[in-house]
Amino acid sequence: MKHSQSDNRPLGFPAGNKPAAQPRTLPRPIYGSVDQHPNIVRTHPHHHPWAQLSYAIQGHLQVWTPQAHFIALPHRAVWIPARARHQVHQSPQAIIRSLYLDSDALGLNWPDLRVLTVSPLLHELIREFALLPSDYDEGGSDGRLAHVLVDQLRKAQEVGLVLPWPTDPRLDAICRQLQSDPATGMDLQALGARLGVSARTLTRIFQRQTGLGFRLWRQRARLVHALPLLERGDRITDVALACGYDSLSSFIATFREYTGSTPGIFAANARPATDAREGD
């Protein structure tokens with residue numbers, strides 16, 4: 001799904017917050033960095049003249065654009081093309097490994113943001129490569145590691161949990177309300193009545209602008225709301241209720257459908273890693 005850039009700000013983009021100056025070139029066609037700041041959960045809206053792959057080896061991260069929220073759960077990463085305006089949100093205990101890439105030089109010309117699977121091999125490659133100095137020897141073993149990493153990245157499949165954001169101001173208001181109060185039981189007819197718009201009209205616009213029906217969009221929004229609650233250790237039953245589920249089994253089934261895991265397993269894996277190397 002292609003997402004063109006616009007001046008609209010998604011929920012959470014602060015006005016007037018300018019990014020820091022960026023260098024115009026990379027020291028190598030691909031290099032990595034480590035980001036472990038437990039008390040910093042978001043960056044300002046910004047863009048790079050190069051592509052970026054953001055991956056949480058612990059916790060999870062979200063990349064927000066004016067068009068959608070891209071959620072990278074464990075073993076998934078977000079590809080951010082050059083010059084795409086975005087904002088990164090990460091869970092409080094997240095450990096991030098980022099790759100910065102000259103996508104043209106490397107032949108990785110994905111033009112749009114996307115969530116990619118991270119295989120066990122790619123996980124280890126990213127983890128090791130991010131610790132290399134920016135001026136690593138391209139002709140030595142570090143350079144060969146970079147080639148293998150890029151080759152594995154080319155094989156990564158697009159998956160993902162994406163929450164498209166509508167541009168229509170009436171739908172924008174409804175989506176913001178659902179994000180702030182995911183437990184509400186109001187249907188589209190009741191929500192539209194507050195705005196003087198019929199449910200039929202809203203349904204048509206919703207489908208056209210997000211590619212999702214209202215029920216599926218709200219289901220994804222509730223799941224996104226559940227992630228930080230689970231990570232901080234809330235009881236699964238309480239999380240289900242906070243997200244508008246009357247049935248615990250229904251919440252668990254929906255969570256498994258989108259993530260391939262249960263809420264309990266996700267919460268357990270969100271705890272800080274015991275491997276000392278993760279704190280480097």
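The values are calculated or read from the model by the stated rules, or taken from the named source; none is laboratory data. Just so you know, these numbers come straight off a predicted model, no measurement behind them. Cβ atoms come from the backbone with ideal geometry, glycine included; neighbour counts cover every protein chain shown.
Scanning region 69-113 for residues that are of a type in the set (S, T, N, Q) and not in a strand (DSSP E or B) turns up 91, 93, 103, 109.
Taking the stated definitions as given, is residue 160 out of contact with any strand residue (DSSP E or B) (no Cβ under 6 Å at 6 or more places or on another chain) and small (Gly, Ala, Ser)? Criteria not met by residue 160.
Cβ separations smaller than 9 Å between residues 6+ apart or across chains give the following pairs from region 136-149 residues that are at negative phi to residues that are among the basic types (Lys, Arg) and surrounded by 12 or more Cβ atoms within 10 Å (Cβ to Cβ): 136/28; 138/28; 143/28; 146/28.
Among strands (runs of 3 or more DSSP E) entirely within region 26-68, having at least 1 residues that are among the acidic types (Asp, Glu) and modelled with pLDDT under 90 singles out 30-35. Is one or more of the residues making up region 98-106 out of contact with any Cys (no Cβ under 8 Å at 6 or more places or on another chain), farther than 19 Å from residue 33 by Cα and acidic (Asp, Glu)? So far as region 98-106 goes, yes, one or more of its residues are out of contact with any Cys (no Cβ under 8 Å at 6 or more places or on another chain), farther than 19 Å from residue 33 by Cα and acidic (Asp, Glu). The criterion of being at pLDDT below 90 and either under 21 Å from the mean Cα position of the chain (by Cα) or of a type in the set (D, E, K, R) (or both) holds for residue 232.
One residue stands out in region 103-147 among those that are in contact with a strand residue (DSSP E or B) (Cβ under 7 Å, 6 or more places away or on another chain) and more than 22 Å from residue 74 (Cβ to Cβ): the one that is surrounded by the fewest Cβ atoms within 10 Å (Cβ to Cβ), namely 134.
Collect the residues in region 120-143 that are part of a loop (DSSP other than H, G, I, E, B) and either within 23 Å of residue 156 (Cβ to Cβ) or not assigned by TED's automatic domain parsing to the domain that holds residue 101 (or both), keeping them in residue-number order.
Residues satisfying the conditions are 130, 131, 132, 136, 138.
Per the listing 178, 161, 191, the residue uniquely in contact (Cβ under 8 Å) with a residue 24 or more places away in the chain, hydrophobic (A, V, I, L, M, F, W, C) and over 22 Å from residue 78 (Cα atoms) is 178.
Just one of the numbered conditions (1) of a type in the set (A, V, I, L, M); (2) within 30 Å of residue 201 (Cα to Cα); (3) surrounded by 19 or more Cβ atoms within 10 Å (Cβ to Cβ) is not true of residue 95: (2).
Restricting the search to region 65-119, which residues are free of Cβ contacts under 8 Å to residues at least 24 places away in the same chain and among the acidic types (Asp, Glu)?
104
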